[in-house]
Amino acid sequence: MKRIGVLTSGGDAPGMNAAIRAVVRKCIFHDIEAYGILYGFRGLINGDIKKLEIGSVGDIIHRGGTILHTARSEEFLTEAGQLQALKQLKDHKIDGLIVIGGDGSIKGAHSLSKLDFPCVAVPATIDNDIAPTESSIGFDTALNTIIEAIDKIRDTATSHERTYVVEVMGRDSGKLALWSGLADGAESIIIPEKPKDFESVISRLKQGYERGKKHSIIIVAEGAGHGFKLGKKIQEVTQLETRVTVLGHIQRGGSPSAQDRVLASRFGGSAVDLLRSKQFGRLVSIKCNQIVDVDLSEIINHEQQINDKIYKLAQELSI
Ligand code: F6P
């Protein structure tokens, strides 16, 4: 390995910069040239590639977003797009590629790997929905952002004795909703993996108010329902004063937590090691606090599951 390329793709996640830094510094430490590919797979197709030096990744470990920028590329989903990407890698004499991103990005790395290009992927998504890894870069920071926001909402909910619906991110995954719901003692958590009927949300709310609760927090993952519609329906049915907050993209920004910085540094360093030792087509993961790697195809064969015990516990604690 003489030249390694690195790109970030899909939705950004806090800690991506720390991972880029780890890749670049680890490469340079081992006398490998590091190349940054801008704008994810779209930039790869267009040959938007630049050499990265030690200083290129200085002062970024604590910054959210990604200095390499990111994009969602439709073109890369086509065979022609993938072959063009491959040509760019060869033209730039890049021997191995590290893809940092979520589900779609890892599938992109898998496509290149199937075309026999040496690829390794690093899971980075606030959704934490990559089945083989217990944690992905960005999840912890996003979770802390949500908790900070809900703590503030709780203050005003208590003062006004209102019901609050908080919509959090997670198109197909309820992890952010579930973990923030447990961490924040939400009365109801609505996630795509555990469809809930409206009546059960209402009866839980009513039970609480009958027992003397003066305010409630309901967390809904964006993939499980529409916060504003839900809030309106709750107010209509219960006559309880209800307000709605959609947290939106603030969940994706901000300085990465210590946990995400450490995870990103470990993942980035391991990705370079895998390429150096010719272990291609691998996904870096974490299991029981140990960095492991699995075949990229596992992203396709394994479905992300919600932890039933955590879901049950959250329900038991919010009686
Ligand atoms: O994949 C991360 C994520 O933040 C999801 O939770 C969300 O559904 C999606 O990205 C939003 O994507 P975009 O910023 O492209 O609208």
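Since every read-out is calculated from the coordinates, none of them should be taken as a lab result. Please read all numbers here as calculations on a predicted model, not as lab measurements. In this analysis, Cβ positions are derived from the backbone assuming ideal geometry, glycine residues included, and neighbour counts consider all displayed protein chains.
Starting from the 7 Å offset along Cα-to-Cβ, what nm value, one decimal, do you get for the label separation of LYS309 and LEU83?
If labels sit at LYS309 and LEU83, their model points lie 5.0 nm apart.
Cα to Cα, under 20 Å, and not fewer than 8 places away if on the same chain: which aspartates and glutamates meet these conditions relative to LYS87?
Those aspartates and glutamates meeting the cut-off are GLU33, ASP48, GLU74, GLU75, GLU79, ASP95, ASP116.
Determine the calculated [θ] at 222 nm for the chain from helices alone, applying -39500 (n - 2.57) to every DSSP H run no shorter than 4 residues and normalising by the residue count; nearest 500 deg cm²/dmol.
Computed ellipticity for the chain at 222 nm equals -13500 deg cm²/dmol.
Nearest-5 percent of antiparallel DSSP beta bridges in the chain?
Around 25 percent of the beta bridges assigned by DSSP in the chain are antiparallel ones.
Could you size up the charge dipole of the chain around its Cα centre, putting +1 on the beta carbon of Lys and Arg and -1 on that of Asp and Glu, and report it in debye to the nearest 20?
Roughly 380 debye, rounded to the nearest 20.
Simple spin-label model, 7 Å along Cα-to-Cβ: GLU148 to GLN279 in nm?
Computed distance between label sites GLU148 and GLN279 equals 3.6 nm.
Would you mind classifying segment 1-126 by shape? Square roots of the alpha carbon gyration tensor eigenvalues, ordered a ≥ b ≥ c; an a/c under 1.5 is rounded, otherwise it is prolate if a/b is larger than b/c and oblate if not.
Judged from the Cα gyration tensor, segment 1-126 comes out oblate (a/c at least 1.5, b/c at or above a/b).
At ILE250 and GLU134, where each label point lies 7 Å from the Cα along Cα→Cβ, what is the point-to-point distance in nanometres?
3.1
How many angstrom separate the Cα center of segment 215-260 from the Cα center of segment 297-319?
Distance between centres, Cα-based: 20 Å.
Apply the a/c threshold of 1.5 to the C-alpha gyration tensor of the chain and tell me whether it is rounded, prolate or oblate.
Verdict is prolate for the chain.
With angles folded into 0 to 90 degrees, how steeply does helix 175-184 sit against the dominant principal axis of the chain? Use alpha carbons for both and round to 10.
Value to nearest ten degrees: 50.
Calculate how many DSSP beta bridges within segment 1-154 are antiparallel, expressed in % of all such bridges and rounded to the nearest 5.
Expressed as a percentage, antiparallel bridges in segment 1-154 total about 20.
Report the gain in length on full extension from ILE300 to SER203: 0.36 nm times residue separation, minus Cα-Cα distance, nm rounded to one decimal.
Gain on extension, ILE300 to SER203, equals 31.1 nm.
Assuming R0 = 41 Å, can you tell me the calculated FRET efficiency for the pair HIS30 and HIS226, based on Cβ-Cβ distance, to the nearest 0.05?
0.25
In segment 98-125, which residues have a backbone nitrogen under 19 Å from the label point lying 7 Å from HIS92's Cα in the Cα-to-Cβ direction?
98-102, 105-122
Working from Cα positions, state the angle (0 to 90°, nearest 10) between the long axis of helix 79-91 and the longest principal axis of the chain.
Once rounded, the angle reads 50 degrees.
Anything over 29 Å Cα to Cα? Flag those among LYS51/LYS175; LYS233/LYS312; LYS114/LYS196; LYS50/LYS114, in the order listed.
Cα-Cα > 29 Å for LYS51/LYS175; LYS114/LYS196; rest within.
Could you work out how far helix 16-29 tilts from the main Cα principal axis of the chain, as a 0 to 90 degree angle to the nearest 10?
20
Longest span of the chain, sites excluded, free of trypsin sites (Lys or Arg not before Pro) in DSSP loop with at most 14 other C-beta atoms within 10 Å?
3-92
Classify segment 54-142 as rounded, prolate or oblate from the Cα gyration tensor: take a ≥ b ≥ c as the square roots of its eigenvalues, call it rounded if a/c is under 1.5, otherwise prolate when a/b beats b/c and oblate if not.
Oblate.
For ILE291 and ALA183, calculate 0.36 nm times their separation in residues minus their Cα-Cα distance, and state this gained length in nm to one decimal.
Between ILE291 and ALA183, full extension yields an extra 36.3 nm.
For segment 142-253, give me the percentage of DSSP beta bridges that are antiparallel, rounded to the nearest 5 percent.
Restricted to segment 142-253, the bridges split so that about 5 percent are antiparallel.
Could you run the Karplus curve 6.51 cos²θ - 1.76 cosθ + 1.60 with θ = phi - 60° over segment 294-311 and give me ³J(HN,Hα) per residue in whole Hz, x for Gly and Pro?
10, 5, 4, 5, 5, 5, 8, 7, 9, 8, 5, 10, 8, 7, 4, 5, 5, 4
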